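The values are calculated or read from the model by the stated rules, or taken from the named source; none is laboratory data. Treat the numbers as computed from the prediction; the structure is a model and nothing was measured. Cβ placement follows ideal geometry from the backbone for every residue including glycine, while neighbour counts extend to all protein chains displayed.
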Amino acid sequence: MSKDKKYEIVKELTQKIAQTPYFYITDASGMDVASTNQFRRECFNKGIEYKVVKNSLIKKALEANSIDYSSFKSSLKGFSGILFSSTGKLPAELILEFRKKNPKLEKPLLKVALIDSTPFVGDKELETLKKLKSKNELIGEVISILQSPAKNVVSALKSSGAKLAGILKTLSEKEN
């Protein structure tokens with residue numbers, strides 16, 4: 001690969017990493033062409049971008065984005081593919097689903113995932129990543145928690161008001 005081609009790949013990766021807060025680096029070594037193509041197709045169908053890139057180029061792109069990769073430097077060896085996604089848990093779900101469909105493969109393996117610059121190192125992290133909630137989901141939960149006491153007060157006032165009206169009506173009927 002020429003130096004200019006490598007420069008272009010690093011430049012593209014640097015931009016992609018800067019624009020995407022969620023990306024996974026995987027090991028898909030040993031997968032045959034048909035399995036790799038099937039995995040690429042499933043990534044495309046889910047809106048995930050998948051690229052196979054040399055580790056040295058990944059390191060340069062991470063450095064260009066001032067991302068400290070010392071905690072997972074040892075993971076950047078061998079065959080590497082990068083999954084770029086708009087959500088943090090979608091690639092984890094895809095990888096686990098792909099393995100279920102192809103139990104003989106046991107690949108792709110997760111080397112590292114960066115979720116908002118937080119590294120999740122190793123394949124054992126897939127289950128954790130699968131359970132991650134998006135920022136919007138967390139905001140929704142906080143709002144519903146905050147609204148809950150207000151809803152209770154309003155419903156108590158409504159039910160008390162109905163009881164009070166019933167009592168007043170009963171009392172007025174007794175006087176007649």
Q) Can you name every residue in the stretch 17-40 that is assigned to a helix (DSSP H, G or I), under 16 Å from LYS101 (Cβ atoms) and of a type outside the set (A, V, I, L, M, F, W, C)? A) SER35, THR36, ASN37, GLN38, ARG40
(Q) Could you check the stretch 41-76 and list, in sequence order, the residues that are free of Cβ contacts under 8 Å to residues at least 24 places away in the same chain and in a loop (DSSP other than H, G, I, E, B)? (A) SER66, ASP68
Q: For the stretch 13-21, indicate whether the set of residues that are of a type in the set (Gly, Ala, Ser) and within 22 Å of GLY122 (Cβ to Cβ) is non-empty.
A: no
Q: For PHE44, indicate whether it is more than 12 Å from VAL10 (Cα to Cα) and surrounded by 16 or more Cβ atoms within 10 Å (Cβ to Cβ).
A: no
(Q) Being surrounded by 16 or more Cβ atoms within 10 Å (Cβ to Cβ), assigned by TED's automatic domain parsing to the domain that holds LEU94, under 25 Å from GLY122 (Cα atoms) and of a type in the set (D, E, K, R) is the requirement here; does ASP32 meet it? (A) no
Q. Can you find a residue in the stretch 56-65 that is surrounded by 12 or more Cβ atoms within 10 Å (Cβ to Cβ) and under 27 Å from GLU127 (Cβ atoms)?
A. yes
Q.
Going residue by residue through the stretch 2-16, is there one that turns out to be among the basic types (Lys, Arg), in a helix (DSSP H, G or I), under 21 Å from LYS73 (Cβ atoms) and touching a residue at least 40 places away in the same chain (Cβ under 8 Å)?
A. yes
Q. Which one of these is basic (Lys, Arg), within 21 Å of ILE17 (Cα to Cα) and at pLDDT 80 or above: LYS131, LYS104, LYS89, LYS100?
A. LYS89
